[in-house]
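Working notes for the structure below.
The values are calculated or read from the model by the stated rules, or taken from the named source; none is laboratory data. As the structure is a prediction and not an experimental result, all values here were calculated from the model. For neighbour counting, all protein chains shown are included, and Cβ atoms are generated from backbone atoms with ideal geometry for every residue, glycine included.
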Number of protein chains: 2
Amino acid sequence: MSRAAARRDALRVVAGERGLDAVLVTNLLNVRYLTGFTGSNGALLVSTSGADLFGTDGRYTTQAGTQVPDVGLLVDRATVSALAREAVRRGVGRLGYESHDLTVDGLAALEKVLADAGTAPELASVRRAVEAQRAVKDDDEIESLRRACAVADQALAELAAEGALRPGRTELQVGRELDARMLTLGAESVSFETIVATGASSAIPHHRPDATELRDGDFLKLDFGATVDGYHSDMTRTVVLGHAADWQREIYELVAAAQAAGRAALAVGADVVAVDAAARQVIADAGHGEHFSHGLGHGVGLEIHEAPVIGPLGAGRLAAGMAVTVEPGVYLPGHGGVRIEDTLIVTDDAPELLTLTSKELLVL
Amino acid sequence: MSRAAARRDALRVVAGERGLDAVLVTNLLNVRYLTGFTGSNGALLVSTSGADLFGTDGRYTTQAGTQVPDVGLLVDRATVSALAREAVRRGVGRLGYESHDLTVDGLAALEKVLADAGTAPELASVRRAVEAQRAVKDDDEIESLRRACAVADQALAELAAEGALRPGRTELQVGRELDARMLTLGAESVSFETIVATGASSAIPHHRPDATELRDGDFLKLDFGATVDGYHSDMTRTVVLGHAADWQREIYELVAAAQAAGRAALAVGADVVAVDAAARQVIADAGHGEHFSHGLGHGVGLEIHEAPVIGPLGAGRLAAGMAVTVEPGVYLPGHGGVRIEDTLIVTDDAPELLTLTSKELLVL
């Protein structure tokens with residue numbers, strides 16, 4: 001049985017427990033997760049009775065045959081409507097749908113199609129049932145994440161070795177080279193808009209690279225990732241150019257200690273709020289609590305941000321197979337900031353570190 | 001007045017005509033269009049009485065100050081809810097919202113916030129009012145599109161000059177080099193997943209590049225684009241490797257003639273169905289009607305596909321300033337296919353061609 005088939009079976013169980021006869025999956029990433037389909041238009045009808053149906057349009061007939069060989073195919077320009085009519089034809093009584101994905105207009109169109117097609121099923125939201133499944137990665141997904149992280153590691157290593165991170169170059173130049181290198185090394189795309197922040201801008205958590213030149217004595221903060229098989233890596237490293245001042249070494253070591261504490265707290269069954277607190281306490285104890293203004297981490301997979309949220313506002317516990325980031329930071333406004341971030345897999349033992357670039361303070 | 005301010009004023013007029021006191025814009029690209037904000041979380045309240053309000057979260061306070069200096073700023077984790085409460089506080093009686101963007105869950109949350117905040121305004125969809133504005137580009141947008149198209153032109157020219165498009169290389173290699181080159185030349189990102197299709201795969205309109213090697217005598221179809229300032233270029237060229245057979249020259253010339261007919265039909269006031277027909281007729285007259293299986297073109301801008309649709313199922317007329325593609329194709333299943341695509345601006349005179357790569361049959 002394919003991975004995708006096993007995932008559909010797991011959703012089938014959830015649907016059955018909730019009294020649904022079928023689920024109409026419209027979120028494209030959820031469709032990809034449940035089928036393997038990577039095109040830009042597709043939807044999936046998962047039936048508790050077993051006969052699933054994948055819908056897409058004529059551009060993707062060939063691709064669907066290759067990527068989704070084990071699910072019935074329905075080709076139609078109006079994919080969701082066609083699957084909805086099929087649900088009515090099958091006599092589905094209670095149809096689950098994704099209320100966090102379907103738009104208001106989409107629901108109105110769906111209701112109209114169902115009403116026009118005959119005895120309309122009752123609609124019930126399945127909420128984020130597929131996203132909850134996606135939080136725990138299987139071996140194939142972990143392997144894709146490993147490769148995505150390896151591409152990012154290697155791209156940074158090559159740029160550092162070639163002297164691309166040197167005074168006089170601009171944030172924009174560095175960012176573009178990092179992006180281009182990741183693609184050359186096999187990334188399908190970059191995971192998100194690469195952050196390159198130097199000098200005072202390193203104190204801005206989400207700085208967009210601009211024409212500012214790298215200068216001796218400045219921090220250089222790089223937050224970037226590669227996408228492989230649809231899976232995103234996420235890593236931040238902060239280096240110093242030329243010579244590290246005492247205050248720079250001090251906050252670097254502080255963030256590194258907090259990050260180690262956060263990684264150490266990643267255990268099966270750990271409360272996500274407690275994991276955040278483990279790192280946050282280290283920073284607060286050093287008097288920098290107010291300078292760590294965001295959560296500790298997040299799940300990562302087919303999306304760059306997905307479940308679980310590891311932060312003061314998160315909820316729930318870690319499970320084996322979750323892929324998460326640990327990324328504390330200390331930002332001194334107008335001065336400079338440090339963030340150190342890894343992507344890791346929660347396991348029954350110590351977490352598996354996927355981003356392998358050294359976290360020793362690098363002075364370039 | 002900034003471009004963004006002029007765009008907000010135009011929306012204000014539409015809102016007033018529809019009896020709305022304010023519009024809550026949630027679509028992130030529409031927010032970008034109306035404010036200049038490029039972050040990943042933002043929403044906008046446009047008031048017919050004039051005091052607009054931009055909402056984002058704390059990560060983007062600095063960026064909002066730089067990119068959106070001329071609109072009041074509201075910083076809140078729950079951006080849409082906070083703007084909705086502000087609308088109630090202002091006594092908005094009728095609030096427009098984007099029903100094609102807001103999810104079912106999003107609408108439920110919005111309705112709850114409004115009810116909890118006091119006298120809830122009546123909600124009314126503005127439909128795609130901002131998308132309709134976006135279909136006609138202003139000078140700044142056209143300049144960004146020009147630059148995006150120039151990057152794609154140059155990337156292809158460099159790869160061809162370096163001999164990167166030669167037998168023995170794989171589709172995947174060519175695609176990654178094209179992507180990396182566009183980034184190096186200043187693209188923020190690629191416009192979409194680059195299509196590299198050779199041999200029989202060139203007959204698949206949306207083929208994903210794979211490990212197939214380029215071979216002498218095969219077609220090589222490249223459909224790709226660069227993004228600059230958020231604006232997407234879109235271009236397809238089909239070349240032949242080594243030596244062009246008669247059947248290849250024949251369908252190439254046919255597609256080129258159809259593409260020229262489509263470009264010639266781009267005029268202010270032209271019906272989009274007639275524009276499509278102008279190119280389609282050329283292909284049908286040659287007996288290949290069934291081998292041109294998609295629409296002629298689409299609008300392009302902040303999205304790779306946006307209004308207008310130029311095809312048998314489109315509706316409406318062209319206006320000066322619209323940015324559109326013209327991309328007929330002839331696909332012979334199992335054999336090979338040709339598509340030729342440009343991005344152009346509709347003007348009162350002849351359309352302005354933005355993708356300048358030659359359309360003569362190139363034999364590499």
Within region B:44-57, identify whether any single residue is of a type outside the set (V, I, T) and within 14 Å of chain A (Cβ to nearest Cβ), and answer yes or no.
yes
Residues to consider are B:A203, B:A135, B:A109; find the one that is over 22 Å from A:G186 (Cα atoms), more than 8 Å from chain A (Cβ to nearest Cβ) and modelled with pLDDT under 95.
B:A203
The listed residue being small (G, A, S), surrounded by 23 or more Cβ atoms within 10 Å (Cβ to Cβ) and outside any helix (DSSP H, G or I), out of A:A211, A:A244, A:A197
A:A197
State all residues of region B:24-74 that are among the basic types (K, R) and more than 20 Å from B:S2 (Cα to Cα); if no residue qualifies, say none.
B:R59
Please find, within region A:156-175, the residue that is surrounded by the fewest Cβ atoms within 10 Å (Cβ to Cβ) out of those that are under 16 Å from B:A180 (Cβ atoms) and charged (D, E, K, R).
A:E162
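Just checking, does region A:291-312 include any residue being assigned to a helix (DSSP H, G or I) and over 29 Å from A:N30 (Cα atoms)? Steps first, answer last, please.
Pass one, region A:291-312, residues assigned to a helix (DSSP H, G or I): A:291.
Checking which are over 29 Å from A:N30 (Cα atoms) leaves us with A:291.
Within region A:291-312 (the criterion being assigned to a helix (DSSP H, G or I) and over 29 Å from A:N30 (Cα atoms)), the answer is yes, since at least one residue qualifies.
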Helices (runs of 4 or more DSSP H) within region A:1-115 that include 1 or more residues at negative phi and among the charged types (D, E, K, R)
A:3-17, A:28-35, A:79-89
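Among residues belonging to region A:136-152 that are touching a strand residue (DSSP E or B) at 6+ places or on another chain (Cβ under 8 Å) and not in a helix (DSSP H, G or I), point out the one that is surrounded by the most Cβ atoms within 10 Å (Cβ to Cβ).
Applying the first criterion (touching a strand residue (DSSP E or B) at 6+ places or on another chain (Cβ under 8 Å)) to region A:136-152 yields A:136-137, A:141-142, A:144-145, A:147-149, A:151-152.
Within this subset, residues satisfying the condition of being not in a helix (DSSP H, G or I) are A:136-137.
Details: A:V136: 18, A:K137: 22.
By that ranking, first place goes to A:K137.
Going by what's in this entry, would A:T66 be described as within 27 Å of the chain's Cα centre (by Cα), closer than 28 Å to B:I304 by Cβ, within 14 Å of chain B (Cβ to nearest Cβ) and at pLDDT 95 or above? Write out each step before concluding.
Values: within 27 Å of the chain's Cα centre (by Cα): yes; closer than 28 Å to B:I304 by Cβ: yes; within 14 Å of chain B (Cβ to nearest Cβ): yes; at pLDDT 95 or above: no.
No; evaluated as a whole, the condition is false for this residue.
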Test each condition in (1) over 22 Å from A:S40 (Cα atoms); (2) touching a helix residue (DSSP H, G or I) at 6+ places or on another chain (Cβ under 8 Å); (3) within 14 Å of chain A (Cβ to nearest Cβ) for B:L178 and report the one that comes out false.
(1)
If you go through region B:247-263 one residue at a time, how many are among the polar types (S, T, N, Q) and surrounded by 23 or more Cβ atoms within 10 Å (Cβ to Cβ)?
1
Over region B:214-241, the set of residues under 30 Å from A:D210 (Cα atoms) and either of a type outside the set (D, E) or surrounded by fewer than 23 Cβ atoms within 10 Å (Cβ to Cβ) (or both) is B:F224, B:G225, B:A226, B:T227, B:V228, B:D229, B:G230, B:Y231, B:H232, B:S233, B:M235
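Does region B:224-245 contain any residue that is of a type in the set (D, E) and within 26 Å of A:A187 (Cβ to Cβ)? It would help to see each step written out before you state the result.
Pass one, region B:224-245, residues of a type in the set (D, E): B:229, B:234.
After this cut, where a residue has to be within 26 Å of A:A187 (Cβ to Cβ) as well, the list is B:229, B:234.
Looking through region B:224-245, at least one residue is of a type in the set (D, E) and within 26 Å of A:A187 (Cβ to Cβ).
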Name the residue, out of A:A279, A:A284, A:A315, A:A320, that is in contact with a strand residue (DSSP E or B) (Cβ under 9 Å, 6 or more places away or on another chain), outside any strand (DSSP E or B) and closer than 18 Å to A:P205 by Cβ.
A:A279
Output yes when any residue across region A:182-198 is more than 12 Å from chain B (Cβ to nearest Cβ) and either out of contact with any strand residue (DSSP E or B) (no Cβ under 9 Å at 6 or more places or on another chain) or more than 26 Å from A:L29 (Cβ to Cβ) (or both), and no when none is.
yes
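Report whether or not B:D21 is under 15 Å from B:A6 (Cα atoms), away from chain A (no Cβ under 14 Å), crowded, with 19+ Cβ neighbours inside 10 Å and of a type in the set (D, E).
Working: under 15 Å from B:A6 (Cα atoms): no; away from chain A (no Cβ under 14 Å): yes; crowded, with 19+ Cβ neighbours inside 10 Å: yes; of a type in the set (D, E): yes.
The answer is no for B:D21.
Matching residues to (1) small (G, A, S); (2) within 13 Å of chain A (Cβ to nearest Cβ); (3) surrounded by 20 or more Cβ atoms within 10 Å (Cβ to Cβ):
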{"position": "B:V92", "(1), (2), (3)": "no, no, yes"}
{"position": "B:L95", "(1), (2), (3)": "no, no, yes"}
{"position": "B:H100", "(1), (2), (3)": "no, yes, no"}
{"position": "B:L114", "(1), (2), (3)": "no, no, yes"}
{"position": "B:V126", "(1), (2), (3)": "no, yes, yes"}
{"position": "B:E131", "(1), (2), (3)": "no, yes, yes"}
{"position": "B:Q154", "(1), (2), (3)": "no, no, no"}
Are any residues in region B:328-347 outside any strand (DSSP E or B), in contact with a Leu (Cβ under 7 Å, 6 or more places away or on another chain) and closer than 29 Å to B:W247 by Cβ, and if so, which ones?
B:P328
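How many of the residues in region A:122-132 are modelled with pLDDT of 95 or more and either assigned to a loop (DSSP other than H, G, I, E, B) or not small (G, A, S) (or both)?
Start the filter on region A:122-132 by keeping residues that are modelled with pLDDT of 95 or more, which leaves A:122-126, A:128-132.
Add one more test, that the residue is either assigned to a loop (DSSP other than H, G, I, E, B) or not small (G, A, S) (or both), and what stays is A:122-123, A:126, A:128, A:130-131.
Qualifying residue count, region A:122-132: 6.
Based on what the data block shows, is B:A187 in the same structural domain as B:G321 (by TED's automatic domain parsing), closer than 19 Å to B:L354 by Cα and either among the acidic types (D, E) or not in a helix (DSSP H, G or I) (or both)?
yes
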Check whether at least one residue in region A:168-183 is farther than 18 Å from B:L185 by Cα and either in the same structural domain as A:D234 (by TED's automatic domain parsing) or not in a helix (DSSP H, G or I) (or both), and report yes or no.
yes
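Matching residues to (1) surrounded by fewer than 24 Cβ atoms within 10 Å (Cβ to Cβ); (2) hydrophobic (A, V, I, L, M, F, W, C); (3) out of contact with any Pro (no Cβ under 8 Å at 6 or more places or on another chain); (4) without any contact (Cβ under 8 Å) to a residue 12 or more places away in the chain:
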site: A:G301; (1), (2), (3), (4): no, no, yes, no
site: A:G311; (1), (2), (3), (4): yes, no, yes, no
site: A:T325; (1), (2), (3), (4): no, no, yes, no
site: A:G334; (1), (2), (3), (4): yes, no, yes, no
site: A:I345; (1), (2), (3), (4): yes, yes, no, no
site: A:S358; (1), (2), (3), (4): yes, no, yes, yes
site: A:L362; (1), (2), (3), (4): yes, yes, yes, no
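Can you go through B:L296, B:L266 and tell me which one is surrounded by 17 or more Cβ atoms within 10 Å (Cβ to Cβ) and farther than 20 Å from A:D57 by Cβ? Walk me through how you get there before you give the answer.
Values: B:L296 fails: farther than 20 Å from A:D57 by Cβ.
Result: B:L266 is the single residue among B:L296, B:L266 that is surrounded by 17 or more Cβ atoms within 10 Å (Cβ to Cβ) and farther than 20 Å from A:D57 by Cβ.
The rows are residues; the columns are (1) within 25 Å of the chain's Cα centre (by Cα); (2) crowded, with 17+ Cβ neighbours inside 10 Å; (3) in the same structural domain as B:R77 (by TED's automatic domain parsing).
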position: B:D9; (1), (2), (3): yes, no, yes
position: B:V14; (1), (2), (3): yes, yes, yes
position: B:E17; (1), (2), (3): no, no, yes
position: B:T26; (1), (2), (3): yes, yes, yes
position: B:L34; (1), (2), (3): yes, yes, yes
position: B:A43; (1), (2), (3): yes, yes, yes
position: B:F54; (1), (2), (3): yes, yes, yes
position: B:G58; (1), (2), (3): no, no, yes
position: B:T62; (1), (2), (3): no, yes, yes
Of all residues making up region B:214-225, the number that are more than 14 Å from chain A (Cβ to nearest Cβ) and part of a loop (DSSP other than H, G, I, E, B):
5
